[in-house]
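**Student:** Can you keep this structure in mind? I'll have questions shortly.
The values are calculated or read from the model by the stated rules, or taken from the named source; none is laboratory data. If you're wondering where the values come from, they're calculated on a predicted model, not measured in any experiment. Backbone-built Cβ (ideal geometry, glycine too); neighbour counts: all protein chains shown.
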């Protein structure tokens, strides 16, 4: 225990004397670039983002095989990856599905971050009845079955991409809120906060300049790892036919539709599932890599 | 201890009450009712009669009080979409199926996860470790319906070793849903077992145990695993309610007639009694599991004090 305390004290003092404080990020970038798995995953994520951004250029829609419900296997009639159940080019649908997944994943986490961090900050910093109130809301959201809740919201708002994003974000903020609050509670007890308070730094400045930056790294990690979770939830809802509406492509919906054709048109299920797995794995590895890079104490 | 449990139960009852109110309000504020035109085209007088029969014509707070007093007596009402059965009958018919599937999955997944985790920790950075980590990551990140589809494609369509779906006719029907459902929890169990064992291995008392000449097997089983168990219980406890209440994705893919589908159908059909019963069921299970998890700590680690 005492060894850890001395180490903390040294790192807390050292940067101010000898190094510019921006070093955390440069160190993290160096550590990240040495992690082969995370770098590989980052390249794949970059490629997926490229596909998503240029989806309209790469795969202009719509493109139907004729007659319109003609189903093609991969390689058949010029369709490299075959067609889906109503004869749309699978490759194009996959590219647009990736776009949907990424839009949902990133927007959900952005909204969740705003709600969760705001509530978590006020709970952890103001404390008292605000904290009590926020924590009861958090408990409530934990106790209600998530799928049921998302379904409620979707049936209130209606389907469509924006509403799906909103519904998932209203579930996802809870984890971020809890994390922010826990961070603040543990930071408040640290010596450097006590020191800042002792020399008379006003409390809003303590929150803004000392608490927030220190709580930031776990939040970045949580948000990154939350993206695949949100993508998973959207895929799940769309799999059930309750998420993204036609004609917008969604990988989950493609999987859901495919089960009726699984004995013959195997590619209809296999391709979107492979794509979901690729997205989930690459985002998770990037998130894990970020965690190792930003929080070296966790590394073994 | 008793005081602690009572305090926790009181807190649980409060959350339970809140959940029931919120679910009730949410449910009734959702546009569309259980007896709307598209579902049941009826003359207005007949519709009014039906609404009166189910008490849906009364003010919301009266409806809530009626529901809760009946529910506390064990009467959860009739399902709107399957009026021939009570909600309790439907749950009694389908939940055992989900419990069977979920229960077997919990046991197999956690058992194998912990064993593989121990192997991976003992053989750190060998091929065993890498294969185990890969499996765990796959189970953790890839959605279960994706894994379900792969299993069907390989083992039912291509190799034709296992039946493609269904329930209760052939014991092999349970294998694929179990794997699809269990790979995630297994991954968690494996990851945490490995991480916490690796951590424990650096402790002084392990060095002592080795120094006094204890066989490696004894060091691992007697000293290390016991101390590594706590974090595993924290993470895995909360997974249990999810697994035993039926997972719609896996049950749909493998056509298992469990409880899972009602979580979706009841909301879509505005089947109010069913929605309430399911919500309360989940809330109760969560509360109980969290309480049990906390109590288990004290059994495993006498240093933990409940306050």
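**Student:** Of A:232, A:192, which residue is within 24 Å of residue A:109 (Cα to Cα) and in contact (Cβ under 8 Å) with a residue 12 or more places away in the chain?
**Tutor:** Being within 24 Å of residue A:109 (Cα to Cα) and in contact (Cβ under 8 Å) with a residue 12 or more places away in the chain holds for just one of A:232, A:192, which is A:232.
**Student:** Of the residues that sit in the range B:129-141 and are touching a residue at least 40 places away in the same chain (Cβ under 8 Å) and facing another protein chain (nearest Cβ under 9 Å), which one is surrounded by the fewest Cβ atoms within 10 Å (Cβ to Cβ)?
**Tutor:** Checked the range B:129-141; the qualifying residue surrounded by the fewest Cβ atoms within 10 Å (Cβ to Cβ) is B:138.
**Student:** Only residues that are at the interface with another protein chain (Cβ under 9 Å from one of its Cβ atoms) and surrounded by fewer than 23 Cβ atoms within 10 Å (Cβ to Cβ): list them for the range A:265-287, please.
**Tutor:** Answer for the range A:265-287, where residues must be at the interface with another protein chain (Cβ under 9 Å from one of its Cβ atoms) and surrounded by fewer than 23 Cβ atoms within 10 Å (Cβ to Cβ): A:266, A:270, A:274, A:277, A:281, A:284, A:285.
**Student:** Still on this model: Looking only at the range A:145-171, how many residues end up being surrounded by 20 or more Cβ atoms within 10 Å (Cβ to Cβ) and either more than 13 Å from chain B (Cβ to nearest Cβ) or outside any helix (DSSP H, G or I) (or both)?
**Tutor:** 6
**Student:** Out of (1) part of a helix (DSSP H, G or I); (2) farther than 30 Å from residue B:198 by Cα; (3) within 9 Å of chain B (Cβ to nearest Cβ); (4) at pLDDT 80 or above, what's the single condition that is false for residue A:228?
**Tutor:** Here residue A:228 meets the rest and fails (2).
**Student:** Which condition number does residue B:157 fail, the rest of (1) within 11 Å of chain A (Cβ to nearest Cβ); (2) surrounded by fewer than 17 Cβ atoms within 10 Å (Cβ to Cβ); (3) in contact (Cβ under 8 Å) with a residue 60 or more places away in the chain being met?
**Tutor:** Looking at each condition in turn, residue B:157 falls short on (3).
**Student:** Do any helices (runs of 4 or more DSSP H) entirely within the range B:211-307 hold 3 or more residues that are at pLDDT below 80 and away from chain A (no Cβ under 13 Å), and if so, which?
**Tutor:** Correct list: B:226-236, B:272-300.
**Student:** Are any residues in the range B:107-124 surrounded by 20 or more Cβ atoms within 10 Å (Cβ to Cβ) and either under 23 Å from the mean Cα position of the chain (by Cα) or within 27 Å of residue B:20 (Cβ to Cβ) (or both), and if so, which ones?
**Tutor:** Those that are surrounded by 20 or more Cβ atoms within 10 Å (Cβ to Cβ) and either under 23 Å from the mean Cα position of the chain (by Cα) or within 27 Å of residue B:20 (Cβ to Cβ) (or both): B:109, B:110, B:113, B:114, B:116, B:117.
**Student:** Another one. Would it be correct to say that residue A:117 is within 18 Å of the chain's Cα centre (by Cα), modelled with pLDDT under 85 and surrounded by 20 or more Cβ atoms within 10 Å (Cβ to Cβ)?
**Tutor:** Judged against the criteria, residue A:117 is not a match.
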